[in-house]
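The values are calculated or read from the model by the stated rules, or taken from the named source; none is laboratory data. Bear in mind that the values here come from a model prediction, so they are computed numbers and not experimental data. Virtual Cβ from ideal backbone geometry, glycine too; neighbours counted across all protein chains shown.
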Amino acid sequence: MEVSVSRQRDAVQKQMQAALTAQRLAAASQRAAAPLARPIPRFAAAEPEEASPPGPAVEFRAAGPCEPLAPEAWLPLVRQAAVREGLAVELLTAVIQQESAFLPCVVSSKGAMGLMQLMPATAEMLGVKDPFDPRENVDAGARFLKELLVRYGGNLALALSAYNAGPRRVDAAGGVPPIPETQDYVKDILEKLKP
């Protein structure tokens, strides 16, 4: 029994690596043609239907032609995931806005994928089959964020730090890690959530 599970796991890992390699090759071939996403003005958290997302904190390239999702496309996904996980719509919206600027087919320079910028290992851990599918990506990202909130006793700053830098770094630092990108990430999202 363990052998077949191990073989399945190996097959899934090989598929994930092949998909990631394909995405990286596609991103590399698009570099000349696809400009970096540029910042767009921030949205008012009280009215996400009229959102205009800003650019992400991390430089990324589109893995192919990619336009930001319109609010009518992403908002129902965010609302469903928020209700299911017991999270605020504004929180998920702010994370997606910060992570990908609502671009569903982006790959960061570190290999994070899709709207909520799932790392390959995180996507695999969460059972994600297609990290570029908006629904699957948002559902998995919301589940992961909820797990982090539970892990850190509801401390949003620590959960966001772990979402950005990984739980090991947060645990090692005993708080928000002294990584400028992570500190800015947490600050920017918390700022977006202010009334």
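In segment 76-108, which residue that is under 11 Å from the mean Cα position of the chain (by Cα), of a type in the set (G, A, S) and in a helix (DSSP H, G or I) is surrounded by the most Cβ atoms within 10 Å (Cβ to Cβ)?
S100
Would a scan of segment 80-88 turn up a residue that is under 16 Å from K192 (Cα atoms) and modelled with pLDDT of 95 or more?
yes
If G175 passes every condition in (1) more than 13 Å from the chain's Cα centre (by Cα); (2) free of Cβ contacts under 8 Å to residues at least 60 places away in the same chain; (3) more than 14 Å from L87 (Cα to Cα); (4) part of a helix (DSSP H, G or I) but one, which one does it miss?
All conditions pass for G175, except number (4).
Which members of segment 145-160 meet the condition of being out of contact with any Phe, Trp or Tyr (no Cβ under 8 Å at 6 or more places or on another chain) and in a helix (DSSP H, G or I)?
Matches in segment 145-160: K146, E147, L149, V150, R151, L156, A157.
Could you check segment 125-143 and list, in sequence order, the residues that are acidic (D, E) and assigned to a helix (DSSP H, G or I)?
Residues satisfying the conditions are E136, D139.
Sort out which residues of segment 109-121 are under 10 Å from the mean Cα position of the chain (by Cα) and without any contact (Cβ under 8 Å) to a residue 60 or more places away in the chain, and write them in order of number.
Across segment 109-121, the qualifying residues are A112, G114, L115, M116, L118, M119.
Regarding L158, is this residue crowded, with 16+ Cβ neighbours inside 10 Å and in contact with a Cys (Cβ under 6 Å, 6 or more places away or on another chain)?
So L158 fails the test.
What are the pairs, 6+ residues apart or on separate chains, where a residue within segment 129-146 that is in contact (Cβ under 8 Å) with a residue 12 or more places away in the chain has its Cβ under 7 Å from a residue that is assigned to a helix (DSSP H, G or I) and of a type in the set (D, E)?
Taking only residues 6 or more apart or on different chains, the pairs are A142/E85; R143/E85; K146/E85.
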